[in-house]
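Here, each number is a calculation from the coordinates, and none is a lab measurement. Keep in mind that what you see is a predicted model, and the values were worked out from it rather than measured. A quick note on method: Cβ atoms are made from the backbone with ideal geometry, for glycine too, and the neighbour counts reach across all protein chains shown.
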Amino acid sequence: MSLAACNSMQGAKKNILHPFHSPQELIVKRGINQPDGKAKDYVYLWDQQQRHNTTQAMYPRSVMTQYCHEQGGKLSLLYKSKFGLVNDSAQRTRLAANQGVVQGIGAYKCTMGDLAESWIVSIEPVAERQAENNSKTRSVRLLTRLMKTAEAHNFYQAAASTAKTAKKQVNVVKATATAKTSVAAKPTAEQKDHDRKELERKELAKAEVEKKEPKPVTVTTPRASVNETPQQQQMKLYVTARRDINNGRNLNNACNNAQRAYNYGKQQGTEGTRVYTESGMLVARCLTSISTYSSRFPNAKGQAQRVLNGLASQYNHAGAKNMLKQLN
């Protein structure tokens, strides 16, 4: 093999995202959000002097796409963004007009087939601003987070409903302004008669709207996603999975819970490390000794060994090392 080819392979290994065992761990360790998990600024519009620079707004989507592909999956757009987290209408207008922003946001699903559980990532703008005084450079604040299927559906359906309501209100304001302008242009002799008819029309229209107007729809998202942190959700899934597996009941569902807990990645502190590694041990146990779960995967043993190798090498987990010896 030539020296150039060898160097190329080494470069590819440095850029690979495989060391991360879950998309949540990828988001944290790649710093896609701020360290505290809040939205992070990305430049989407450069000033004249830096106009040749590429947009940073595509970075979160690019990283998640690469990770999905390296895991053997395919990332595709599930829901378009409705800019539901951006409160300022002028900011929404500026962001919606920028293709670099539009192409990098929304909800994306990584479809893994039968090899592993699919996952959904949401990349949403929260606000945009002028990066510096006396500069035309502007940045967008993006929030990247994992969502369950029901949570994503509820969030993006609610955003779409809000956008339609806002558009309808704008149209009503425009129609009213047009009507007032038309009335002002009429001769004075006809004004009183027109005003009377217009008042009657508005009262009838108001009564009709109140009669037909549907009650507000309350969108209910899973309680855990609103009131609990990812670390609390991971703990709940792990405890439920461990209890059911140890008791030999609901084994397939228990293994699914273990996999979900493991997918959250390592959370903060010693307890976060323990829950993550023990969830991984449960997943390996499911893949090697629980047939109702392992039968879903063509190479269950190989997948279990990959999980165990990660726990043994990165966390020096004694149980993972012992289980690897038993499998070899």
Would you give the gap between the C-alpha center of region 67-127 and the C-alpha center of region 228-257, rounded to a whole Å?
-> 29 Å
Under a point spin-label approximation (7 Å from Cα along Cα-to-Cβ), what is the residue 318-residue 130 distance to one decimal in nm?
-> 6.2 nm
Average projected area of the Cα convex hull of region 21-158, in nm²?
-> 9.0 nm²
Return the distance in nm (one decimal) between the two label points of a simple spin-label model at residue 87 and residue 191, each offset 7 Å from Cα along Cα→Cβ.
-> 4.2 nm
Members of 236/301; 109/321; 74/321; 40/301; 74/148 lying beyond 29 Å, as alpha-carbon distances in this model show | 109/321; 74/321; 40/301
Region 250-328 -> Rg/Rh from Cα coords, Kirkwood Rh, value 0.96
Report the FRET efficiency, 1/(1 + (r/R0)^6), for residue 202 and residue 80, where r is their Cβ-Cβ distance and R0 is 41 Å, rounded to 0.05.
-> 0.65
Which length gain, in nm to one decimal place, applies between residue 252 and residue 41 when the Cα-Cα distance is subtracted from 0.36 nm times their residue separation?
-> 71.8 nm
How much length, in nm to one decimal, is gained on full extension between residue 232 and residue 62, taken as 0.36 nm per residue of separation minus their Cα-Cα distance?
-> 58.3 nm
Quick calc, region 237-328, dipole around Cα centre from Cβ unit charges on Lys, Arg (+) and Asp, Glu (-), nearest 20 debye, gives 140 debye
